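Q: Starting off with a structure, shown below.
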Amino acid sequence: MMYFMFLFGFCFVFWMVGVSCNPSPYYGVLSLVLGAAFGCGVLVGMGGSFVSLVLFLIYLGGMLVVFAYSSALAAEPYPVGWGSLGGVVYVVGYALLIIGLVVMGSCLWCVGGFGEVTADAVGLFVVRLDFGGVSWFYYYGSVMFLVAGWGLLLTLFVVLELVRGLSRGALSSI
Amino acid sequence: MTPMHFTYYSAFIVSITGLSLHQTHLISTLLCLESMMLSLYMALSMWPIQLQTSSFMLTPMLMLSFSACEAGMGLSLLVASSRTHGSDRLQNLNLLQC
């Protein structure tokens, strides 16, 4: 099981390297989608099924879909692919960065060993850790819940003002 | 540091390196910012799972909602810069260049 988790973790880091050294924004969005999917796998393996589902729905299904169609703003007639010469240099550079971090980690911070604590509470609980944890929002976290909702509503209006255009909005030179 | 901690740590380092260096388009920079937020979400989710403290599960939820706000801001600035400068290439944002 831990080898499975390690594989998910490795694929997560692999696709995050793919986001950073993307030759074109289309490949960057694809790498981020796949990296988030493997990140969900890591969280599921640790027992956090609720946080993984939230990541999948809200992050992948909400935010990354918006990024995917906003990458049409960066449309080029001939997008550069992964096999171009300049891009390979960056991929090699980031792979060396990861290898350097692994070497430093095993020497300095003793990265290694397998075994994780998972989210099943000890005893007769039927609710797992993350389901029960997020429900704190409705009691102790009620004020922060309302503040976050208010912030999201304000964000909507700020975005509408920014993209209004033709000297009616915040950026008057458009 | 366990290997799972190392995954989000190295993902954050790689994303912040990609944010600060060599990107051609503004949207690639915003994508690196999003991958930083993803690694922070994983960090904040793993912490209460490993310490078995369920009330700290609020932090990744709050972080995700505020990162959604920030992504919306970034994309609206991308649209605005694409209108003024014609494209979102970072070479065009050169007002402070000497």
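Q: Pick from the stretch A:1-13 the residues that are in contact (Cβ under 8 Å) with a residue 12 or more places away in the chain and facing chain B (nearest Cβ under 10 Å): which of them is surrounded by the fewest Cβ atoms within 10 Å (Cβ to Cβ)?
A: A:Met2
Q: Please count how many residues of the stretch B:23-38 are in a helix (DSSP H, G or I), at the interface with chain A (Cβ under 7 Å from one of its Cβ atoms) and in contact (Cβ under 8 Å) with a residue 24 or more places away in the chain.
A: Count: 4.
Q: Okay, moving on. If you go through the stretch B:85-95, how many residues are of a type in the set (S, T, N, Q) and facing another protein chain (nearest Cβ under 7 Å)?
A: Count: 0.
To keep it simple, each residue is scored yes or no on (1) among the aliphatic types (A, V, I, L, M); (2) in contact with a His (Cβ under 7 Å, 6 or more places away or on another chain); (3) farther than 27 Å from A:Leu34 by Cβ.
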{"position": "B:Met37", "(1), (2), (3)": "yes, no, no"}
{"position": "B:Tyr41", "(1), (2), (3)": "no, no, no"}
{"position": "B:Trp47", "(1), (2), (3)": "no, no, no"}
{"position": "B:Gln50", "(1), (2), (3)": "no, no, no"}
{"position": "B:Ser54", "(1), (2), (3)": "no, no, yes"}
{"position": "B:Met61", "(1), (2), (3)": "yes, no, no"}
{"position": "B:Leu75", "(1), (2), (3)": "yes, no, no"}
{"position": "B:His85", "(1), (2), (3)": "no, no, yes"}
{"position": "B:Asn94", "(1), (2), (3)": "no, no, yes"}
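Q: Considering the stretch B:1-28 alone, what residues qualify as being among the β-branched types (Val, Ile, Thr), surrounded by 21 or more Cβ atoms within 10 Å (Cβ to Cβ) and within 13 Å of the chain's Cα centre (by Cα)?
A: Listed by number, the residues that qualify are B:Val14, B:Ile27.
Q: Does A:Ala72 fit the bill of being surrounded by fewer than 17 Cβ atoms within 10 Å (Cβ to Cβ), in contact (Cβ under 8 Å) with a residue 12 or more places away in the chain and either assigned to a helix (DSSP H, G or I) or aromatic (Phe, Trp, Tyr) (or both)?
A: Considered against the rule, which asks whether it is surrounded by fewer than 17 Cβ atoms within 10 Å (Cβ to Cβ), in contact (Cβ under 8 Å) with a residue 12 or more places away in the chain and either assigned to a helix (DSSP H, G or I) or aromatic (Phe, Trp, Tyr) (or both), A:Ala72 comes out as no.
Q: Which is out of contact with any Lys or Arg (no Cβ under 6 Å at 6 or more places or on another chain), without any contact (Cβ under 8 Å) to a residue 60 or more places away in the chain and in a helix (DSSP H, G or I), of A:Val92, A:Val80?
A: A:Val92
Q: Something else about it: Looking only at residues that are facing another protein chain (nearest Cβ under 7 Å) and among the β-branched types (Val, Ile, Thr) in the stretch B:41-84, which one is surrounded by the most Cβ atoms within 10 Å (Cβ to Cβ)?
A: B:Ile49
Q: For the stretch B:69-98, which positions are within 17 Å of B:Thr24 (Cα to Cα), in a helix (DSSP H, G or I) and hydroxyl-bearing (Ser, Thr, Tyr)?
A: Residues satisfying the conditions are B:Ser81, B:Ser82.
Q: Do you know which residues across the stretch A:105-149 are over 19 Å from B:Thr53 (Cβ atoms), within 9 Å of chain B (Cβ to nearest Cβ), surrounded by 11 or more Cβ atoms within 10 Å (Cβ to Cβ) and modelled with pLDDT under 85?
A: Selection gives A:Gly105, A:Trp109, A:Val111, A:Gly112, A:Phe114.
The values are calculated or read from the model by the stated rules, or taken from the named source; none is laboratory data. Owing to the predicted nature of the structure, the values given are computational and were not obtained by experimental measurement. Neighbour counts run over all protein chains shown; Cβ positions are idealised from the backbone, glycine included.
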